[in-house]
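The values are calculated or read from the model by the stated rules, or taken from the named source; none is laboratory data. Only a predicted model underlies this, so the values are computations on that prediction, with no experimental measurement involved. Don't worry about glycine lacking a Cβ; one is built from the backbone with ideal geometry, like all the others, and counts go over all protein chains shown.
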Amino acid sequence: MSVSIYYQTKEQPLTSIKHAEDIPSDATIIWYDLNEPTEEESDYLLKHFEFNPLEMDDTIHANPRAKYKAYENYQNIVFHTISPREYEIEVLNIFIKDNVLITYHHRNIREVNTVNKQVKNHFDKNLDCEDIVLYILDHIVDNYFYYVEEISDKVFMFEDEHGRDRTNKYMMDHIFDLRSDIIKLNRVIMPMKEVIDTLQNESRLVQDKRHKMYIQHIIDHIAKEESMLQTAQDITREIRDNFESYTTFRMNKVMQILTIVSVIFMPLTLIAGIYGMNFQNMPELKWHYGYYAVLLLMLVISLGCIWYFKRKNMF
């Protein structure tokens with residue numbers, strides 16, 4: 001789309017300019033925001049800044065993982081935001097070199113725009129590039145809450161509506177859809193939590209007391225989101241396990257009844273098989289009451305089996 005250039009001095013708030021040549025020498029912050037950059041704009045970034053070519057190749061042509069890397073004269077940070085479309089990952093690449101901040105993203109990222117307006121409207125002469133990065137990170141993590149709370153509400157509503165439902169044949173489909181959404185959110189939040197921990201413990205980004213307090217605030221938020229997702233995942237697991245246990249129980253009951261029926265009919269089948277043989281010397285076949293006697297015997301055997309199984313509480 002375009003390269004947006006901003007600068008700030010001790011006396012002047014964040015100001016937008018069209019050409020880098022117009023940046024004053026006393027600028028304390030110089031911010032290049034590359035939003036949906038063209039090839040020419042990406043080439044500008046490669047030519048004017050001595051960044052690692054491999055890092056730049058990932059930035060321009062790939063979707064790198066969330067990470068923090070510190071080089072001798074600059075820092076490279078990759079944050080992940082969430083797109084409303086099926087919880088897709090959107091990548092925000094950040095470079096910090098002295099008082100120069102570069103944000104590079106292939107899609108419009110609202111957190112960057114929000115922080116830009118915030119910095120313009122609330123002038124702070126002591127602001128530095130690290131502050132802006134932490135503001136962006138804070139807004140990214142806070143916006144995770146919208147998606148985390150949305151999936152948590154879906155899970156709790158599902159539990160209220162179907163927690164004791166044992167007959168809905170589509171129930172497992174709904175559970176797996178919910179768990180799929182939770183996994184997609186975890187794919188964003190878990191790596192971001194690792195990056196934030198790295199920023200707190202190992203980075204040059206967080207040095208003074210103010211930055212440490214702010215990063216701790218962000219950590220508290222993402223820890224809460226992680227806990228909410230874990231709770232939602234546990235609830236769906238319990239609902240799934242309960243449904244599977246009940247389905248297994250019902251299947252066992254059906255198999256038990258079928259087994260009892262089979263056992264009852266086994267002696268009857270034996271009797272029918274014996275008298276179904278066409279031998280000549282079978283006196284019972286010529287007995288006038290033979291047919292009724294065999295039926296009576298079958299009835300007695302059947303009732304005897306039923307009484308036995310009932311006594312043993314087998315059904």
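Assorted remarks:
- Restricting 44, 87, 135, 68 to residues that are over 27 Å from residue 213 (Cα atoms), surrounded by fewer than 21 Cβ atoms within 10 Å (Cβ to Cβ), touching a helix residue (DSSP H, G or I) at 6+ places or on another chain (Cβ under 6 Å) and not small (Gly, Ala, Ser) narrows the list to 87.
- Sub-8 Å Cβ pairs linking a first residue in region 234-263 that is free of Cβ contacts under 8 Å to residues at least 60 places away in the same chain and of a type in the set (Val, Ile, Thr) to a second residue that is assigned to a helix (DSSP H, G or I) and exposed (fewer than 13 other Cβ atoms within 10 Å of the Cβ), at least 6 apart or interchain, number zero.
- In the set 86, 90, 130, only one residue is closer than 19 Å to residue 199 by Cβ, of a type in the set (Asp, Glu) and either at pLDDT below 95 or within 26 Å of the chain's Cα centre (by Cα) (or both); that residue is 130.
- Residue in region 287-294 that is exposed (fewer than 12 other Cβ atoms within 10 Å of the Cβ), under 30 Å from residue 133 (Cα atoms) and hydroxyl-bearing (Ser, Thr, Tyr) present: no
- Within region 15-74, restricting attention to residues that are within 29 Å of the chain's Cα centre (by Cα) and assigned to a loop (DSSP other than H, G, I, E, B), the residue that is modelled with the lowest pLDDT is 62.
- Qualifying residue in region 73-83 (condition: among the β-branched types (Val, Ile, Thr), within 30 Å of residue 25 (Cβ to Cβ) and in contact with a Leu (Cβ under 9 Å, 6 or more places away or on another chain)): yes
- Among (1) within 21 Å of the chain's Cα centre (by Cα); (2) at pLDDT 90 or above; (3) farther than 30 Å from residue 10 by Cβ; (4) surrounded by fewer than 20 Cβ atoms within 10 Å (Cβ to Cβ) - the single one residue 222 does not satisfy: (4)
- Residue match in region 236-258 (condition: hydroxyl-bearing (Ser, Thr, Tyr) and under 30 Å from residue 194 (Cα atoms)): yes
- Set 264, 218: member being more than 30 Å from residue 180 (Cα to Cα) and of a type in the set (A, V, I, L, M): 264
- Verdict on residue 120 being under 21 Å from residue 15 (Cβ atoms), in the same structural domain as residue 237 (by TED's automatic domain parsing), basic (Lys, Arg) and surrounded by fewer than 18 Cβ atoms within 10 Å (Cβ to Cβ): yes
- Checking each residue in region 165-179 for being surrounded by 10 or more Cβ atoms within 10 Å (Cβ to Cβ) and at pLDDT below 70 picks out 165, 166, 168.
- Residue in region 234-251 that is surrounded by 11 or more Cβ atoms within 10 Å (Cβ to Cβ), under 30 Å from residue 134 (Cβ atoms) and within 26 Å of the chain's Cα centre (by Cα) present: no
- Any chance residue 183 is under 20 Å from residue 146 (Cβ atoms), in the same structural domain as residue 143 (by TED's automatic domain parsing) and modelled with pLDDT of 90 or more: yes
- Residue that is farthest from the chain's Cα centre (by Cα) [pool: residues in region 195-213 that are crowded, with 18+ Cβ neighbours inside 10 Å and in a helix (DSSP H, G or I)]: 211
- Residue under evaluation residue 90, criteria (1) acidic (Asp, Glu); (2) in contact with a Ser or Thr (Cβ under 9 Å, 6 or more places away or on another chain); (3) part of a helix (DSSP H, G or I), criterion not met: (3)
- Of note, residue 102 satisfies the criterion of being touching a strand residue (DSSP E or B) at 6+ places or on another chain (Cβ under 7 Å) and closer than 20 Å to residue 4 by Cβ.
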